[in-house]
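These notes are about the structure you will find just below.
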Amino acid sequence: MKTVRVLIALRISNETDASTSLERQLQDCMAYVEERQHLGWQVVGVAKDAHISATKSHPFERPELGEWLNNRAPEFDLLLFWKMDRFVRKVVDMQDMIKWATAHGGKSLVSAKEPVLDMVGPFRHVIIDLFAAIAETEAQNISMRVKSFQGYAKPKNVWAKGNPPYGYESFRDADGAMRLRVRENQKDVIREIYKRVVEGGEPYSAICDDLNARGVPSPGAERMSNRRKNNGDSMPIWRSRTLTTILRSETILGWKCEEVTVPGKKYGVSQPIVTAEGKIRMADPILTDSEWAKLQEEMNGRPSSARRSTKNTTAYRGVVLCDGCGRNLYLFNPERQQGMPVYRCNKSANRDSCGKGYAFRAEKVEEIVETLVLGVIGDYPMHERYYVKGSNNSQRLHEIEQYVTELQRSIRPGGRNSSGFAKKSTEEEIAALYEEYDSLSAEGDKPDRYEYRDTGETFRHMWDRNEGNKEERTRHLLKAGISIRLRPLIKGVSNTVDFGAEVDMGNLSQPFTIH
């Protein structure tokens with residue numbers, strides 16, 4: 001009996017929902033597999049994705065399930081999920097998964113709680129598309145109800161969604177509505193920051209360093225889930241951007257605010273919600289109006305610091321690394337450097353120098369990348385990865401043995417093919433089966449796997465073809481596992497053009513690939 005390797009895929013948006021918790025889903029899926037052990041079902045892996053929206057996240061983009069789908073497809077035959085809405089909520093996502101499953105050896109997609117949803121039978125695609133359409137409709141209905149309630153609550157002094165702004169906490173009032181009130185420990189932090197900025201004139205970075213050193217939880221640390229803490233994730237710390245965002249928001253005046261998108265930008269700014277009656281008071285203010293005015297005047301009067309370029313995104317991110325700490329180098333375009341863009345690591349940006357230099361002049365970095373890539377791997381052939389369904393030759397060998405035994409019995413004296421043309425034809429068939437048997441015996445069983453084929457293109461061809469498209473060049477370098485570590489020749493010199501570089505060729509046990 002052939003083993004059916006089962007991958008269990010679990011997903012949940014809110015891990016506090018006990019009715020559909022990951023543990024509950026896993027328990028039901030394991031029971032479903034145990035009931036089918038007589039069919040050869042065997043669990044080979046579990047992909048758990050918590051705090052992931054099926055509406056916003058395609059299965060290929062999820063942290064754990066995406067790793068299995070993109071890189072470990074040969075390791076399983078069947079994908080089992082709890083219910084359709086735990087797997088996908090869009091018809092197009094389900095159609096993508098059906099196409100992927102068909103292209104990768106005919107894998108099966110099965111729901112543990114919806115037995116009719118199984119990739120068997122001639123109408124399997126129709127049934128699965130139907131369930132996917134139902135899931136997508138339900139997701140749209142949920143979104144509509146949430147938006148409707150938020151629209152109703154927007155002009156009222158009630159808290160309808162999300163985490164409260166820093167300095168406040170939500171509570172259920174006597175009338176049953178959720179409202180905000182001052183959170184005393186966070187209020188003390190905001191007032192301390194105010195005094196240090198307005199009265200002490202301290203830099204934001206110095207204040208952040210002190211808060212972090214004293215162990216004062218940042219807003220991100222206050223909201224960090226127990227799951228992330230138990231997983232050992234690093235605690236979010238205070239940063240200048242976090243601090244200034246709080247100080248710029250009129251929520252600390254007690255007003256109800258919303259985030260408004262800035263035209264042409266990917267980020268938004270906090271602005272008070274204004275109704276016909278004026279601003280909406282949500283809670284007691286942390287700063288007075290006069291204190292707020294002094295704070296904004298002080299912040300507006302400070303010179304703009306070096307900031308990351310929004311015009312020039314970082315080219316070769318993940319390829320160009322700092323030799324000191326091994327982290328990515330990012331493109332900055334600081335005004336204080338007369339507009340000369342530089343690459344530097346986040347440790348430098350956070351005033352924690354790795355001891356191997358501060359910054360590398362951008363034009364020199366990109367010149368070195370091109371020189372090294374074309375000089376070292378320019379003539380290497382590029383390959384593409386493709387999925388190959390394995391062969392279970394043991395089963396075919398067993399079938400040949402049984403069939404040959406039956407044919408040999410038929411050509412014995414008195415058999416149905418014991419003379420004339422029938423005997424000759426049967427002997428030829430037996431000889432062909434023996435030949436196939438010998439070939440399969442020598443080959444043996446082969447598992448599902450990825451194989452590589454030459455694209456007929458070298459890295460030099462790819463580089464020239466994508467002139468002006470650094471993003472595509474970077475993608476190919478990352479897929480090939482290429483990285484370049486930069487180290488300054490003069491230690492600690494900022495904005496230097498005097499630096500060396502070393503190429504890491506990645507995993508040479510596999511061909512350079514563009515999969």
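Go through the stretch 167-198 and give me each residue that's of a type in the set (A, V, I, L, M, F, W, C) and either open to solvent by 80 Å² or more (accessible area, probe 1.4 Å) or assigned to a helix (DSSP H, G or I) (or both).
Answer for the stretch 167-198, where residues must be of a type in the set (A, V, I, L, M, F, W, C) and either open to solvent by 80 Å² or more (accessible area, probe 1.4 Å) or assigned to a helix (DSSP H, G or I) (or both): A174, V189, I190, I193, V197, V198.
Might you let me know whether the stretch 24-31 holds any residue that is at pLDDT 90 or above, closer than 26 Å to K99 by Cβ and in contact with a strand residue (DSSP E or B) (Cβ under 9 Å, 6 or more places away or on another chain)?
Scanning the stretch 24-31 turns up at least one residue that is at pLDDT 90 or above, closer than 26 Å to K99 by Cβ and in contact with a strand residue (DSSP E or B) (Cβ under 9 Å, 6 or more places away or on another chain).
Against the definition (in contact with an Asp or Glu (Cβ under 7 Å, 6 or more places away or on another chain), touching a residue at least 12 places away in the same chain (Cβ under 8 Å) and more than 20 Å from W159 (Cα to Cα)), how does Y194 come out, yes or no?
It is true that Y194 is in contact with an Asp or Glu (Cβ under 7 Å, 6 or more places away or on another chain), touching a residue at least 12 places away in the same chain (Cβ under 8 Å) and more than 20 Å from W159 (Cα to Cα).
Yes or no, residue by residue, for (1) assigned to a helix (DSSP H, G or I); (2) among the β-branched types (V, I, T):
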{"position": "E367", "(1), (2)": "yes, no"}
{"position": "T371", "(1), (2)": "yes, yes"}
{"position": "G375", "(1), (2)": "yes, no"}
{"position": "Y387", "(1), (2)": "no, no"}
{"position": "K423", "(1), (2)": "yes, no"}
{"position": "T426", "(1), (2)": "yes, yes"}
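Out of the residues in the stretch 32-69 that are among the basic types (K, R) and within 13 Å of F81 (Cβ to Cβ), state the one that is most open to solvent (accessible area, probe 1.4 Å).
Per the criteria, the residue is K48.
May I ask you to say which residue of G420, G378 is at pLDDT 85 or above and touching a strand residue (DSSP E or B) at 6+ places or on another chain (Cβ under 9 Å)?
On the way: G420 fails: touching a strand residue (DSSP E or B) at 6+ places or on another chain (Cβ under 9 Å).
It is G378.
Of E435, E471, which residue is modelled with pLDDT of 85 or more, open to solvent by 70 Å² or more (accessible area, probe 1.4 Å) and touching a Ser or Thr at 6+ places or on another chain (Cβ under 9 Å)?
E471
So which of S205, S218, S225 ends up being out of contact with any Leu (no Cβ under 7 Å at 6 or more places or on another chain), of a type outside the set (V, I, T), open to solvent by less than 50 Å² (accessible area, probe 1.4 Å) and at pLDDT 90 or above? Give the derivation first.
On the way: S205 fails: at pLDDT 90 or above; S225 fails: at pLDDT 90 or above.
Exactly one of S205, S218, S225 is out of contact with any Leu (no Cβ under 7 Å at 6 or more places or on another chain), of a type outside the set (V, I, T), open to solvent by less than 50 Å² (accessible area, probe 1.4 Å) and at pLDDT 90 or above, namely S218.
Being within 19 Å of S441 (Cβ to Cβ) and either touching a strand residue (DSSP E or B) at 6+ places or on another chain (Cβ under 6 Å) or open to solvent by less than 60 Å² (accessible area, probe 1.4 Å) (or both) is the filter here, so list the residues in the stretch 395-411 that pass it.
Residues satisfying the conditions are L397, I400, V404, L407.
State the number of residues belonging to the stretch 229-249 that are closer than 20 Å to D209 by Cβ and either assigned to a helix (DSSP H, G or I) or open to solvent by less than 30 Å² (accessible area, probe 1.4 Å) (or both).
Total satisfying the criteria: 9.
Yes or no: A283 in a helix (DSSP H, G or I) and either open to solvent by 80 Å² or more (accessible area, probe 1.4 Å) or aliphatic (A, V, I, L, M) (or both)?
no
If you take the residues of the stretch 479-515 that are open to solvent by 70 Å² or more (accessible area, probe 1.4 Å) and of a type in the set (A, V, I, L, M), which of them is modelled with the lowest pLDDT?
L508
Only one of A112, A139 is over 30 Å from A221 (Cα atoms), surrounded by 12 or more Cβ atoms within 10 Å (Cβ to Cβ), among the aliphatic types (A, V, I, L, M) and modelled with pLDDT under 85. Can you tell me which?
Criteria check complete, one pass: A139.
For the stretch 383-402, check the following and say yes or no: at least one residue is of a type in the set (F, W, Y) and farther than 29 Å from T3 by Cβ.
Checked the stretch 383-402: no residue is of a type in the set (F, W, Y) and farther than 29 Å from T3 by Cβ.
Of the numbered conditions (1) open to solvent by 30 Å² or more (accessible area, probe 1.4 Å); (2) touching a strand residue (DSSP E or B) at 6+ places or on another chain (Cβ under 8 Å), S13 fails exactly one; give the number of that condition.
Tallying (1) open to solvent by 30 Å² or more (accessible area, probe 1.4 Å); (2) touching a strand residue (DSSP E or B) at 6+ places or on another chain (Cβ under 8 Å), S13 fails exactly one: (2).
If I filter the stretch 442-456 for residues that are part of a helix (DSSP H, G or I) and modelled with pLDDT of 85 or more, do I get at least one hit?
Taking every residue of the stretch 442-456 in turn, none turns out to be part of a helix (DSSP H, G or I) and modelled with pLDDT of 85 or more.
From R89, R5, which residue is assigned to a loop (DSSP other than H, G, I, E, B), out of contact with any Cys (no Cβ under 6 Å at 6 or more places or on another chain) and over 20 Å from S225 (Cα atoms)?
Values: R5 fails: assigned to a loop (DSSP other than H, G, I, E, B).
The unique qualifying residue is R89.
Could you check the stretch 456-486 and list, in sequence order, the residues that are touching a helix residue (DSSP H, G or I) at 6+ places or on another chain (Cβ under 9 Å) and of a type in the set (S, T, N, Q)?
Result: T458, N466, S483.
Here are K99, K107: which of them is open to solvent by less than 10 Å² (accessible area, probe 1.4 Å) and either under 23 Å from the mean Cα position of the chain (by Cα) or in contact (Cβ under 8 Å) with a residue 24 or more places away in the chain (or both)?
None of the other options fit; the residue is K107.
The values are calculated or read from the model by the stated rules, or taken from the named source; none is laboratory data. These numbers come from a predicted model, not from an experiment. Positions of Cβ are generated from backbone atoms using ideal geometry, with glycine treated the same way; all protein chains shown enter the neighbour counts. The protein model used for the area step is the full one, side chains on, heavy atoms only, and it has no ligands, DNA or RNA in it. Shrake-Rupley method; radii C 1.70, N 1.55, O 1.52, S 1.80 Å.
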